[in-house]
Structures are given as C-alpha cells and as structure tokens.
Amino acid sequence: MVESIPDEQRLDRTREETPPTVSELDSPGKSQDLEHRRGILFVMTGASGVGKDSIRRVALPQLGDIHFSVSATTREKRPGEEHGSQYYFVGRDEFESLIANDGLLEYADYVGDYYGTPAAPVDEALAAGRDVLLELELVGARQVKRKHDDAVMVFIAPPTLSELERRLRGRGTDSEEKIQKRLARAREEIRAMREFDFVVVNDDLYGAVEVFSSIIRAERARAGRLLDADIAAFLRETDA
Ligand code: 5GP
C-alpha cells in the first residue's frame, strides 16, 4: 500500500559537537545582518538506500567548510549507528515536544517514524556565513524550500528502482514490509524529481560525487551571491 505524504511540516546539528539537549535544540536562530554573507543552504533528497550518505562522506572533505546537519529521529538505531553521529535518536514524546516548541526547521513521518532537522544549528551556521547540507526525504525538502526560497535542491536518483530494491535488501536492516514502504516512497519521490534544481544519478559512486561536488562549487561561484563589499574588494587598486 502506498503511504500518502502529508503536505505540511518543519527540524537540525553538527557532527563535531556533543549531542544537544532538547532545550538547546529549541533556541531560535539569529537575525541576519544584510552586509554579512549568509551561508548557502543545500538540500540533498533521494530514496532511502540511494547512497546519499556515501556521496556526502566522499564529497564533503573536498568541499571546504560545510556544516552537515544531524537529524533527530524516532526510528530504531541500526547496528553501528551512534547517538549524535548519524542521528539524534529520541523518543516520540521528545520529538513531539520539539515540534510543539518550534525547534524543528522541518519534519516528516517516514515509514512510521519521525525524522526532523533541529532548527537552531542550521540558523546559526547560515547566519555565521557557513554553508549547510541537509539530507531529507521529499516532504521535509518541500518544507525547507517553502521557508528558504534560495535553498539549492539536489535530487539523488538510483539508476533504476530494481537497483534501489537490490541495495535496500543488501543492507539487511529492514523487514519486507518496511522495504515495500520505502520503495513506495521512492516511487513518489522519483515522480517529483522535476521540483528539484539538479539531479545526480548514483550509478557509479565516484561519478556521482563529482557531479554533486560540481553543483556545490558552481553555486558558491554564482555572481548573484556577491555582496557590495566583494565588488569593492575586486575594485581595490592597492594591495591589502
Ligand atoms: P533512514 O531511516 O534510511 O536513515 O532514513 C529514511 C529517510 O529519511 C531517508 O530518505 C533520509 O534522507 C530521510 N531523513 C533523514 N533525516 C531527515 C530529516 O531530518 N528530515 C526529513 N524530512 N527526512 C530525513
């Protein structure tokens, strides 16, 4: 049975920091200084099992300063996962209090569990001029786009659905029912692909990393992002 994707919603955190408490996650972001460079918000979306994590892990070390947002989730920890590293693993009550306190930039119910981005770390990184990367399913990605119109939306596609199914089964972490639900969500997400700015096909990991990294670099080079102060620096005729 195809699960329908609800349309409203909002949650974030950094790997190098210690796991936050819920009250820390609740603090609202800072306001922006217009002459100060804000970071670029990148959203990576694609089916569970498509390889978003692998692309990110290979690409990020080559991309300079970029804050990867660690999400909160109510799903069970998989073997090898740690609280504060892949996710903040929280109970439903804790997650619902994050929602109630407006502590989430976005959130979604995915195959029976909540997933969301704690808002404060994302706001803080962007305000400090740091680029931010979110890894989200489609419902959350849409919410982020509504709040941050200038977010750069990147869809990661599997070469085929049967390849995705092979990868999901190969992972060996989900029941047959969950695999079917994840595949149903994958179909819905693929149908929505044209809502995104870019599509990266993860056929070969290193090819996908190259395309993904090029997107980040090209967005950083956009002339439209230059501030008056940048132009003034280019016009300077004496060495600093
Ligand atoms: P998994 O259970 O395989 O780790 O993740 C399931 C799906 O939830 C994946 O598509 C993943 O990208 C997505 N996801 C992970 N964190 C978040 C989040 O904070 N918000 C939303 N909306 N989706 C997320």
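To the nearest 0.05, how large is the calculated FRET efficiency for D239 and S214 if R₀ is 30 Å and r is the Cβ-Cβ distance?
Details: r = 32 Å, r/R0 = 1.07.
With a Förster radius of 30 Å, E is 0.40.
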Under the rule of at least 5 residues apart or a separate chain, name every residue whose amide H is placed under 5 Å from the amide H of I40. D131, V132
If each residue of separation counts as 0.36 nm, what is the full-extension length gain between K77 and R169 once their alpha-carbon separation is subtracted? 31.4 nm
Row for the range 72-169, column shape: gyration tensor on C-alpha, a ≥ b ≥ c, rounded if a/c < 1.5 i.e. under 1.5, prolate if a/b over b/c, else oblate; value oblate
Any idea what the dipole of the range 37-235 comes to, in debye rounded to 20, about its Cα centre with Lys/Arg Cβ at +1 and Asp/Glu Cβ at -1? 420 debye
Exposure-ranked with fewest Cβ neighbours within 10 Å first, M153, M193 stand as M193, M153
Restricting to DSSP H runs of at least four residues, report the calculated mean residue ellipticity at 222 nm for the chain, -39500 (n - 2.57) per run over all residues, nearest 500 deg cm²/dmol. -11500 deg cm²/dmol
Give me the orientation-averaged projected area of the Cα convex hull of the range 37-235, in nm², one decimal. 11.8 nm²
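Around L168, under 15 Å between beta carbons, what's the net of Lys plus Arg minus Asp minus Glu among the other residues? Each step should come with its number before you reach the end.
Details: positive: K52, R75, R78, R166, R167, R169, R171, K178, K181, R182, R185, R187; negative: D53, E137, E163, E165, D174, E176, E177, E189.
For residues surrounding L168, the net value is +4.
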Give me the net charge of A59's neighbourhood, meaning all other residues with Cβ under 13 Å from the Cβ of A59; Lys, Arg count +1, Asp, Glu -1. 0
Here the FRET efficiency for A192 versus E35, based on Cβ atoms and R0 = 45 Å and rounded to 0.05, is 0.75
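FYI, it's all coordinate maths here, none of it is from the lab. What you see is a predicted model; the values in this text were computed from it and never measured. Here the Cβ is made from the backbone with ideal geometry for all residues, glycine too, and neighbour counts use every protein chain on show.
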